[in-house]
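So the structure is just underneath, and the comments pick up after that.
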Amino acid sequence: MGYEVTAGNVHDSKAFDKVYDKITEDFPEIQIVTMDSAYRTPWICKRVFGDDRDASLPYKCPMTKDGFFKKYEYVYDEYYDCILCPENQVLKYSTTNREGYREYKSNPKICENCPSRHQCTGSKSFQKVVTRHIWENWVEKADDFRHTPEGKASYAKRKETIERVFADAKEKHAMRYTHIRGLTRVRSWVGLKFATMNLKKLALWAAKQPSFSPVSSFFRVLDILNPLPKLRQGVL
């Protein structure tokens, strides 16, 4: 349906917009966009839900140090716009940084004598800082959708569809490593591989049809691959 080739040091989420725009333009009827945890970012969630679609994303483990409180243990109070720590102390809003994260800071005088300080922060100033993105509510909306029957069903299909494509590409089509240099050449190489895989899928699908005939199926594939006659007739 769509793909994008980037350099090895570019995160997956950076290539999302281009692929998303292409696929939704070709298939505007899409209602659920299923992704892995690499795409669980505030911008992507905002983009998908903002287009009146649902983002189906998996659970992502908190990236905190061992022995410290997890981020979800710091509860956000939307009414008072503050954070409550596990010891029920208030972290007040301080500022919004350039990356779009709102910073909530604790009172150092309270934290200095806190019995759970060694599980909360290792700061020499005895101050805990919790950040929350300005679009965090969209990520929470994705978490809510993950627990719905539609979210569970859509994400369960990943292992049968896209993960299968990745596995076949790596094991059967030599796409575990790139054998050529240059982004343009690699993009062309990957496009040919995916075209081959789509032709294989089309041939297997045609072979399962009741009226399957090798000769007629061959010309049917040529007809699909060559849109010029249809363009002349004004079908496309």
Separation of the ALA156 and CYS61 label points, Cα + 7 Å toward Cβ, nm: 2.5
Among SER106, SER13, which comes first, then next, by fewest other beta-carbon atoms within 10 Å? SER13, SER106
Which is farthest toward the positive dipole end of region 1-140 among SER13, PRO62, PRO86, measuring Cα position about the Cα centre, with Cβ charges +1 (Lys, Arg) and -1 (Asp, Glu)? PRO86
Which of the DSSP-defined H helices in the chain satisfy a minimum axial length of 30 Å, computed from C-alpha atoms, and a minimum mean Kyte-Doolittle hydropathy of 0.0? 183-207
Any aspartates and glutamates whose Cα falls less than 15 Å from that of LYS124, other than same-chain ones fewer than 8 residues away, would be GLU112
Can you give the charge dipole size of the chain about its Cα centre, rounded to the nearest 20 debye, using +1 on the beta carbon of Lys and Arg and -1 on the beta carbon of Asp and Glu? 1000
Reachable aspartates and glutamates, given that their alpha-carbon falls under 12 Å from the alpha-carbon of LYS14 and they are not under 8 places away in the same chain: GLU4
How far is it, in nm, from the label point at PHE27 to the one at VAL186 when both lie 7 Å from their Cα along the line to the Cβ? 2.6
Do any of LYS18/LYS157; LYS71/LYS141; LYS22/LYS152; LYS18/LYS65 go past 27 Å between their Cα atoms, and which? LYS18/LYS65
Contour excess over end-to-end distance, with Cα ends at VAL165 and LYS201 and 0.36 nm allotted per residue: 11.9 nm
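Values in this text are rule-based calculations from the coordinates and carry no lab data. This is a predicted model, so every value here is computed, not measured. With ideal geometry, Cβ positions are generated from the backbone for all residues, glycine too; neighbour counts draw on all protein chains shown.
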